[in-house]
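I have placed the structure first, in the form of structure tokens, so that the comments after it can refer back to it.
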Amino acid sequence: MPIKSPFHPRTAALCESMNYKEWAGYYAVSSYLVHHDMEYFAFRNASGLLDITPLFKYSVKGKDAARFLSRIMVRDISKLKIGRVTYCCWCTADGKVVDDGTVMRRGEYDFFVTSADPCFSWFSRFQRGYDVELKDISEEVAGLALQGPTSRDILKQITDAPLDQLKYFGTTEALVADFIIHISRTGYTGDLGYELWVDHEQALKLWDLIMVEGSAYGIRPAGLDALDVTRVEAGLILKDVDYYNALHAFIDDRKSSPYEIALGWAVNLDRDPFNGQRALRSEKEEGSKWAITGLVLDWDEIEGLYARYGLPPEVPGMAWRKSIPLYVNKAKEKQIGYATSGTWSPILKKNIALATIEEKYNKVGSEVELEFTVEHVRHTVKATISKTQFYNPERKRSNPGLKKDKP
Amino acid sequence: MGKKYDVIVIGGGHNGLTAATALAKKGKKVLVLEKNKTLGGLASYREFHPDYFSNGLLQDTSCVRKQIVDDLQLEKYGLNIRSERPSVTLLSKNGKAIRLSGDVKATASEISGFSQSDGKAYVEYSNFIKNISPFLTALLNEVPPDLMNFGTWELLALGKLGWKLKGLGKKTMNEFLKVAPMCVADFLNEHFETDFLKAGICAPAIYGSFTGPWSSYTTLNLLMHECTSRVRIEGGPKALIDALEKAAKNHGVTVETNNAVQRIQLDKNGSVHGVVDSNEDVHASAMVLSTCTPQDTFLKFLSPNEIDYPLEHDITHYRSRGTTAKLNIAVKGNIRSRHTNQLFEYGRTGNSFDEIEKAFDAVKYGRYSDEPILDIHIPGSATPSGGQVISVLVHFGPYELREGWNESSRSGLEKTIMNTLEGYLDFSDCTIVHKELLTPVDIESSYGITNGHIYHGEHAVDQIITRPIPKCARYDTPVKGLFIGGSGSHPGGGITCAPGYLSAQRILKF
Amino acid sequence: MSSKYDAIIVGGGHNGLICAAYLAKAGKKVLVLEKRYVLGGAAVSEELYPGFTFSVASYVVSLFRPHIIRELNLAKHGYEVIPMDCSLTPLPNGDSLARWGDAHKSRREISRFSQKDAEIYPEFSKVMTHMGKLAKAVIDHPAPDINSMKPGEIANMLRLGKAFKDLGPDLLHLNIKLVTMSALDFLDRWFESDVLKAPMSVSGIIGTFQGVRSPGTAYVLLHHYMGQLDGSFRSWGLSKGGTGGISIACANAATSFGAEIKTNAPVDKVLLKNGKASGVVLENGDEYYSKLIISNLDPNQTYLNLVGEEHLDSDVVKEVKRFKFRGSSGKVNLALDRAPEFACRPGIGDHLRGDIAIAPGTEYLEKAFDQAKYGEWSTRPYINAVIPSLTDPTVAPPGKHILSCFVQYAPYNIKEGAENWPKYRETFGDTVVDTMAEYIPGLKDMIIYRQVLTPWDLEQQMGLTEGNIFQGELSLEQLLFQRPLSGFAKYETSIESLYMCGSGTHPGGGIMGASGELCAKLILQSKSI
């Protein structure tokens, strides 16, 4: 039986649809209303408030905390500045991804790490020889994602923290009412947004403050269905959908390297030994087998396929996650990969997908064929390979009053 | 900086010296670094009381491989080796004793004095050992086949072993396959009826294996011991180490004692670059052979991020729960055996399987045995002042004693050992000058062996087939240029010189 | 003289019945002769007390081969196994550990004792499932004959070799560890919590004369993971109507194919003609003739009782006599006037609908074994209890319940001598009830009826030599091509036309049905009938 997050009294009261799913052993709202589109538009036009408590959260403290995390992560965490956050992944000795998440540096010797899978056991395997205290605070700290164009304005109503100065992937402590929370300018929507970390005891107070102050800014509680659309638009991968945890993948073929899941940019190779270094070094030299890429489906072909059956074109009601074969041509002569998740993007008005494709076919702008079922018959439609980031509004990274960052 | 040495050997024990000599003999420039002031490791000659010396922590040299002695021409360096293992006197509680000698007929007739059928069975038993010997010695005296890759060569090597097994003949092979996984108690019960005879024969199968005679697979340990215990070295461990030292030096090996390696240095690519010694001096070499325990080699000499997790996991889960203590006794005067007219050189106690099993039960719960099994060695040669030394390996006393090793537990163990020992030896005509008790914790600290395990790791099937761990079973390791060749490597512990010798053979192939 | 059969099967245990069903299905004329009034052997249900149907001996189903269910259409004949969701380990301090089918729920439970263990649990399951593939390759085929150079045998060896090779080096080496290590040492490679390791390690010792620290016990841990390969999410279950239900389904299948089954028909001897088995004679003197005789009994009973030493080669007799049994377990079956509540988790919930292991620590288990080594039963034994009536209400009257306790260790050879077991039977029963009562307050007042089965009783009642529930120890030297005897591991015996199909043959042990099935298939393949 899943357990309830500290926000459950509020989220349950608001969840008209009774539409829940299980997320990491918690009840999690899929959509508050029967259909998630109002929640999606809240993310994109106002603000959506999402309970992200089910994420796993770790505190890593101690003299060797930075060295310890650098040994585990593909990124050189010792280079991370205080008050900054990085997104990265961590690998097995063979350079296969275990999980991905964010690492926040709150102090010289104080880090906060989030992950999708439980990773306490994995992290603790590397503790020998490091002066570091690793603590699982998953069930002590609750999380909220406040995402959308008005999110900064809402937060400013409840705290005096310098949010105008807080840059993308920055983190700060903030006093809210009479308690302290941590704010990080991060999120899974690819939009302006914040993630708020708060002790369980203060969780409801925080929720209430945000909802009250947010009402003037179009806030809405949002569920995972809406999030799923935004994350595909933002080109953000999801564990167990777009790749598998190498520790749980049943066969080696299901394991992926960071290079294969579009996280190659996060790998810092030339430094002290870290998990997977040797394997990643040689993969870098020899090239990877797979890549995760973006696909934009050809709308005219889709419309044409439906027209054949006398149907108007249909778009998927929600983001999908299943494996769909990707072919080199219409004759299906060779399968060159598979799409793993996709959605109709209401804002782009495009049918988009994330796909794993053989590296040699991964050329932006080139065309492949994706299986597409209409009226029980498997057809293919043309899909153009694109960058994974389909939607990337300027507000995501910009700060009012600060010099504009380069995208 | 130029590389002065082709190979640096960490540890100047019997294996380190053997490897160094074998390598130097093939023209390699070798440096041996030994942390203690005397060479020999577990076979080293140590003054434990003024004028009294213990001839090795391990005292049995009967398993030293004759072919290694021949190849290194140790006889040229003063070693006196004979192809008949020394007699071991099995001692029973009720005053009976049997001398197991290398001479099967003589032993059988002595056994017949207790039981006609056991006498007959001993001949059959010895024949069985003789019959399976070609297979087991092939297994134990060669670099093991590669079980990490399955190419044609590896399969051929495996096929060769399989063929050796088939070559024993159908009857012997089937019998071997039947008995090898058995517990040694079942196996010996099928042959013999006299309890203390069975117990005495089985004892070597139990040493250092963290099992009792009722545990499966102990027969395999026994068979391995029986097939390799073949020689007598006059002067025991000291004579062996002296000859090895001479041979090593004669072949140009540089030996530094009192110099403990601090760490192994790797280059940017993770390959061996050299070692850092106790003076923080760097000795450069592209190859390092460690004869220390696998745990020390990987966990002490390398930084945590220099070995990957699967390797660290395997090494930390390599089982080496020390269960053996040692008591060295310095006496003046005459010691007498209560069982035999003549004082024996090697004696073994343990009256029945149950007694050994019960002695073992204790360590499972972190206690030492109420009635330990003793492996007694009385070298017989008098000390300069006319005294005698009795050396006793004591089974079982755990490394992790639940009450902790302190004055009271130490004296408790010592008393227990003496009580047991006095059942077999008569001290009334002599004075005990000094007793030195080495618990597994002391053994760890004085000899630098992890958990004080006398074999650098338990003799258990999985740790025999691929010793110490699959990735390092053929002496090379995942760290390029780093080799291991101590008792924690194939074919295992005891004074055999085999791991050192075979690791040298392997290094020569690189 | 009765009519002539193609095959007579001596013993109506589940393997014998399955063997009969396969032969009958192939059109052979088959007769099954069962000594008792009821079919099933050790997989038997009996109404020992009015209204209460007990799974007298074997009580849970784990590895019953699913292809047998399909091929014999057993569901049609009444086969129904209800899965168990929970494994509960009550602890003396009032705490408990429950492991569930729900992975996150189990993770949180185990986290209370060790978070590392909780998280590594799925990694362990993954590795074990991989190795289960190998075990499956072993149990679903006859054992290879290492002495033979026949192409078929070499192909069989190569098939196994390939299964090994396909594991890849890491898993291959782990497999070596699995076969040779103790359950506890093996678990130590993953886990740190004794509370978790204790109930996990006991699955390595069930039915063996071994402790959790004994080398060679680790491989039985696989059993828990093989069910997944068989296509069922949960491999452990309770048979509807007791485990006898499975035997009845097999019997129904056999008779539907035309097999004849007689109960109350104890076979005295196998009749030999020119050294060849040609029939059997019952204790009442009736004789039945047949082309083949197939014994569902254990090797000791088959060779030494049914055939007799005088008809056997001395080498064979020697090998039969060295085949080890050493039963180590007993059974206490209780009829209760209400549902038993555990102090650690009050209430009657799903936590009681699985198996309940009294295994509060590895030292507890090892000490229980130590006593057995020296010829005593454990004064605080390992108990595996189930309350089948909570899942299957047909086995007890409404509101009443059955508590079935599998108990280890109860060595056959107690130091007073096995034949003295009857004298100590009830004292042993008290030990078990006392132990259970430590966890179930008021248990003693709930008991309406009690049945105590010692290894001696298992031998007397069910014909299991020395009360070994697997018809012979499952130690490596008695497995594969050495089960039961080297050279006679393909269900044939040293006597022409006499076959064996019980647990004493490969792959042996538990309600798997594989021995009976493989025996029948080999006979049919050889076209000897």
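Values quoted throughout were computed directly from the atomic coordinates according to the rules given, and no laboratory measurement underlies them. Keep in mind that this is a model prediction, so the values were computed, not measured. FYI the Cβ positions are ideal-geometry reconstructions off the backbone, even for glycines, and counts take in every protein chain you see.
At-a-glance table
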| item | result |
| --- | --- |
| Crossing angle, helix C:115-139 versus chain C [Cα axis fit, 0-90 degrees, rounded to tens] | 0 |
| Cβ-Cβ FRET estimate between residue B:419 and residue B:262, R0 fixed at 51 Å, reported to 0.05 | 0.75 |
| Mean shadow area of chain A over all directions, Cα convex hull, nm² | 20.8 |
| Theoretical ellipticity at 222 nm over chain B - DSSP helices of four or more residues, -39500 (n - 2.57) apiece, nearest 500 | -11000 deg cm²/dmol |
| Distance between modelled label sites at residue C:371 and residue A:212, nm, 7 Å Cα→Cβ extension | 6.5 |
| Nearest-ten-degree value, helix C:151-166 long axis tilted from longest Cα axis of chain C | 10 |
| Under 5 Å, built H, 5+ apart or other chain: amide partners of residue C:499 | C:293, C:294, C:295 |
| Mean-position separation - Cα centroids, region B:106-183 and region C:338-367, in angstrom | 47 |
| For residue B:160, net neighbour charge (Lys/Arg +1, Asp/Glu -1) across residues whose Cβ lies under 13 Å away | -1 |
| Given 14 as the ceiling on other Cβ atoms within 10 Å, longest exposed-site-free region of chain A for GluC sites (Glu not before Pro) in DSSP loops | A:141-313 |
| Farthest toward positive dipole pole in region B:339-464 [+1 Lys/Arg, -1 Asp/Glu at C-beta], among B:455, B:395, B:383 | B:383 |
| Of all DSSP beta bridges in the protein assembly as shown, antiparallel share, percent nearest 5 | 80 |
| Alpha-carbon gyration tensor eigenvalues x 5, square-rooted, for chain B, Å | 35, 28, 22 |
| Filtered GluC sites (Glu not before Pro), region C:282-318: DSSP coil and at most 12 other beta carbons within 10 Å | C:283 |
| Highest-fluctuation residue, A:221, A:393, A:149 considered, GNM on chain A with Cα pairs under 10 Å | A:393 |
| Anisotropy class of region A:275-407 from Cα gyration tensor, a/c 1.5 cut | oblate |
| Where only C-alpha atoms are counted, convex hull volume of region C:187-331 per residue in Å³ | 201 |
| Approximate spin-label separation residue A:389-residue B:281, in nm, with each point projected 7 Å along Cα-to-Cβ | 5.7 |
| Relative contact order of chain B, pairs being alpha-carbon contacts under 8 Å that are 6 or more residues apart, as % | 24 |
| Computed over chain C: relative contact order in percent, which uses C-alpha pairs under 8 Å that are six or more apart | 24 |
| Percent RCO, i.e. relative contact order, over region C:104-231, from Cα pairs under 8 Å lying at least 6 residues apart | 30 |
| Chain C: calculated mean residue ellipticity at 222 nm from DSSP helix runs of at least 4, using -39500 (n - 2.57) | -10500 deg cm²/dmol |
| Charge dipole (region C:104-231, unit charges on Cβ, about Cα centre) - positive-most of C:134, C:111, C:158 | C:111 |
| Region A:96-108 - phi-based ³J(HN,Hα) in whole Hz, Karplus 6.51/-1.76/1.60, Gly and Pro as x | 9, 6, 8, 6, 10, x, 10, 10, 10, 9, 9, x, 4 |
| Shape of region C:104-231, Cα gyration tensor, a/c cut at 1.5 | prolate |
| Rounded Å value of the spacing that divides the Cα centres of region A:113-135 and region C:172-220 | 27 |
| Entries of A:21/A:57; A:96/A:349; A:96/C:165; C:133/C:269 with Cα pairs more than 29 Å apart | A:96/A:349; C:133/C:269 |
| nm² value of the averaged projected area, convex hull over the Cα atoms of the protein assembly as shown | 60.2 |
| q = 0.21, 0.22 Å⁻¹: log10 I(q)/I(0) that the Debye formula gives for region B:105-228, counting C-alpha atoms only | -1.23, -1.30 |
| Karplus-derived HN-Hα couplings along region C:204-216 (A = 6.51, B = -1.76, C = 1.60, θ = phi - 60°), whole Hz, x at Gly and Pro | x, 10, 4, x, 10, 9, 9, x, 5, 9, 7, x, x |
| Aspartates and glutamates with Cα under 17 Å of residue B:66, excluding same-chain neighbours fewer than 8 positions away | B:75, B:84, B:142, B:226, B:234, B:242 |
| Straight-distance crosslink candidates among lysines, where the alpha carbon sits under 20 Å from residue A:167 and sequence neighbours closer than 8 are dropped | A:79, A:81, A:156, A:396, A:403, A:404, A:406 |
| Rounded to 10°, Cα long-axis angle of helix C:14-25 versus longest principal axis of chain C | 50 |
| Per DSSP, loop chymotrypsin sites (Phe, Trp or Tyr not before Pro) in region B:364-402 with at most 15 further Cβ within 10 Å | B:365 |
| Shielding by partners, peptide C:172-179 (average Cβ within 10 angstrom, other chains) | 5 |
| Alpha-carbon Rg with Dmax, taken over region B:179-336, Å | 21.8, 63 |
| Peptide B:302-309, shielding by other chains (average Cβ, 10 Å cutoff) | 6 |
| For region B:342-367 versus region C:369-410, the gap between their alpha-carbon centres in whole angstrom | 36 |
| DSSP-defined beta bridges in chain B - what % are antiparallel, rounded to 5 | 70 |
| Amide H within-cut-off set for residue C:449, under 5 Å, with H built and near neighbours excluded | C:335 |
